[in-house]
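The values are calculated or read from the model by the stated rules, or taken from the named source; none is laboratory data. Source: prediction; values computed, not measured. Note: ideal-geometry Cβ built from the backbone for every residue, glycine included; neighbour counts use all protein chains shown. The protein model used for the area step is the full one, side chains on, heavy atoms only, and it has no ligands, DNA or RNA in it. Shrake-Rupley method; radii C 1.70, N 1.55, O 1.52, S 1.80 Å.
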Amino acid sequence: MQTLFTAREIAERVQRLGDEISRDFQDSPLTVIGVLHGSVVFVADLMRAIATPHQLGFVTASSYRGTATAPEELRLDLDSLPDLAGRNVLLVDDILDTGRTLSALTVRLAECEPRAVRTAVLLWKKERTETVIMPDYVGFEIPNRFVVGYGLDFNGDYRHLPYIGVLD
Ligand code: IMP
Ligand code: MG
């Protein structure tokens, strides 16, 4: 497997994102929300790089491949979220691909009446993004290749890798 970003490169970038987020949310209550399962490693590192006190929550998003006639269905589960009313929300995902996941989650989170919703992704396949969503914080822009590691999987495998690699 070809390494795209080493553990050290990821750690340095995540710390810089954390510094930026700390500055931006200094004076307002913040809740960081990870999108399961892909964001767990990124969220765990990012929250320790954010010096501003904040709360943590998770939502689940999963895509199910439809039949030949039905399109892929996106399932969202927001049942275990803490109260977000009046708080700044930072929605964190591993990768922004078509943008469907973060667009749908942003709409659903707005129903919880937060003060504002911002988004952070470690990776952005910019040329693939179909929706109007613009992530507020981006670790790295990457080409249209399938990547694994640091939380990202292929059929449930490879999430444990400390680096990000291109799967052939
Ligand atoms: P989107 O809704 O198309 O933006 O898809 C985002 C989700 O697709 C991510 O949260 C990942 O779970 C998955 N995904 C997209 N590209 C990759 C990849 O290269 N490797 C692993 N998962 C990916
Ligand atoms: Mg995901």
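Condition check ((1) touching an Asp or Glu at 6+ places or on another chain (Cβ under 9 Å); (2) more than 16 Å from ligand 2 (Cβ to nearest atom); (3) among the hydroxyl-bearing types (Ser, Thr, Tyr)) across all residues:
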position	(1), (2), (3)
ASP93	no, no, no
ALA104	no, no, no
ARG108	no, no, no
GLU111	no, yes, no
PRO114	no, yes, no
VAL117	no, yes, no
LEU122	yes, no, no
ARG128	yes, no, no
THR131	no, no, yes
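If the requirement is being open to solvent by less than 50 Å² (accessible area, probe 1.4 Å), closer than 15 Å to LEU17 by Cα and touching a residue at least 24 places away in the same chain (Cβ under 8 Å), which of these qualifies: VAL117, VAL92?
VAL92
Within the stretch 6-20, identify whether any single residue is within 16 Å of ligand 2 (Cβ to nearest atom), within 21 Å of VAL147 (Cα to Cα) and aliphatic (A, V, I, L, M), and answer yes or no.
No, that holds for no residue.
Please go through the stretch 33-54 and pick out each residue that is surrounded by 15 or more Cβ atoms within 10 Å (Cβ to Cβ), more than 16 Å from ligand 2 (Cβ to nearest atom) and not small (Gly, Ala, Ser).
ASP45, MET47, ILE50, THR52, HIS54
Does LEU91 satisfy being within 16 Å of ligand 1 (Cβ to nearest atom), under 23 Å from GLY149 (Cβ atoms) and in a helix (DSSP H, G or I)?
No, not satisfied.
Could you count how many residues in the stretch 1-24 are within 15 Å of THR119 (Cβ to Cβ) and open to solvent by 40 Å² or more (accessible area, probe 1.4 Å)?
Number of matching residues: 2.
Before we move on, is LEU74 at pLDDT 95 or above and surrounded by 12 or more Cβ atoms within 10 Å (Cβ to Cβ)?
Judged against the criteria, LEU74 is not a match.
Among the numbered criteria (1) touching a residue at least 40 places away in the same chain (Cβ under 8 Å); (2) among the polar types (S, T, N, Q); (3) surrounded by 13 or more Cβ atoms within 10 Å (Cβ to Cβ), which single criterion is violated by THR98?
(1)
Here is a list: ASP153, ASP168. Which entry is within 16 Å of ligand 2 (Cβ to nearest atom) and among the acidic types (Asp, Glu)?
Residue meeting the stated conditions: ASP153.
Does the stretch 138-148 hold any residues that are crowded, with 17+ Cβ neighbours inside 10 Å, closer than 17 Å to THR6 by Cβ and more than 9 Å from ligand 1 (Cβ to nearest atom), and which are they?
Across the stretch 138-148, the qualifying residue is only GLY139.
One residue is enough: does the stretch 25-32 have a residue meeting the conditions free of Cβ contacts under 8 Å to residues at least 60 places away in the same chain and open to solvent by 60 Å² or more (accessible area, probe 1.4 Å)?
yes
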